[in-house]
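First comes the structure, then the notes that go with it.
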Amino acid sequence: MTREADPAPKATARPTSRPTSRPTSRPTSRSVPRAASHISDGRIRWADDTPINSDDARGRIVAAALDCVRRYGVDKTGMDDVAKAAAITRPTVYKYFGSRQELIMAVFLRVLDDQLDRGLSDFFVGADTIDQLHDGVAESMVYMLGVLRGDEAIQAILYGSRIPLEMLLREAAGLLVGVLQAAIGFVVEHAIAGDLAFAVLPFEVDDAAAWIIRLQYSFLVWPGADEADERAMFRRYLSPVFFRDPV
């Protein structure tokens with residue numbers, strides 16, 4: 001892809017008062033960085049919209065990096081590109097992310113988190129039998145595998161970032177297990193049938209994440225015959241990590 005040259009930022013008069021940052025209860029990388037930058041004393045200052053805290057700053061940088069990945073490709077996205085997109089200096093990017101790999105990893109997790117937020121817990125809503133809990137784990141894993149295979153940004157990072165696949169999946173697995181814990185806990189807490197609570201097995205998050213890594217990795221490099229085949233294998237080999245079989 002040939003990039004068009006971006007116009008040089010124009011110097012503007014510094015306002016006498018700082019605009020009030022928009023409050024937010026959960027600063028995330030979904031915030032869209034402003035396109036124009038403000039230069040004062042030779043420094044670029046967040047396009048005159050100072051972050052309210054460190055999480056907000058990191059979120060804006062991740063959003064800018066994601067925009068660059070989608071526009072230029074992951075292999076052509078550099079820290080200078082991200083700094084320009086976020087309307088900050090390169091040293092400011094490094095203040096929040098120690099390396100390009102760390103930043104690209106954060107982009108990967110943000111896209112994945114967005115996708116999981118949209119539907120992972122839905123597979124457990126209304127579950128009132130142990131079999132349905134088993135099915136929820138299998139369906140959620142099929143969904144996650146589809147996200148890993150289908151999202152363009154995730155695919156670019158998985159196969160174009162030079163970050164080891166197992167490292168990316170390790171981080172993804174930790175995120176998935178956290179979402180699974182929350183979803184399973186909610187279902188059991190609100191279940192009428194007492195045997196649902198009995199069905200949940202104690203498990204170590206790190207152990208469960210490691211098992212998920214291996215399964216996801218195996219399906220990425222060696223897919224099942226079809227989605228139904230993959231679902232059946234998740235149901236048979238992963239669900240028992242979390243639940244007892246129905247009596």
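The values are calculated or read from the model by the stated rules, or taken from the named source; none is laboratory data. Quick caveat, the model's predicted, so the values are computed rather than measured. Every residue, glycine among them, receives a Cβ derived from its backbone with ideal geometry; neighbour counts consider all protein chains shown.
Given the options 220, 168, name the one that is at pLDDT 80 or above, over 22 Å from residue 122 (Cα atoms) and in contact with a Phe, Trp or Tyr (Cβ under 8 Å, 6 or more places away or on another chain). I'd like the intermediate steps shown before the answer.
Numbers: 220 fails: in contact with a Phe, Trp or Tyr (Cβ under 8 Å, 6 or more places away or on another chain).
Checking each option against the conditions leaves just 168.
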Pairs returned, first residue in the range 121-133 that is at pLDDT below 85, second residue that is of a type in the set (Asp, Glu), beta-carbon separation under 6 angstrom, 6 or more apart or interchain, are 123/139
Over the range 71-101, the set of residues on the phi < 0 side of the Ramachandran plot, touching a helix residue (DSSP H, G or I) at 6+ places or on another chain (Cβ under 8 Å) and not in a helix (DSSP H, G or I) is 77, 78, 88, 89, 97
Note: among 173, 156, 208, 182, just one is assigned to a helix (DSSP H, G or I) and modelled with pLDDT of 90 or more, namely 156
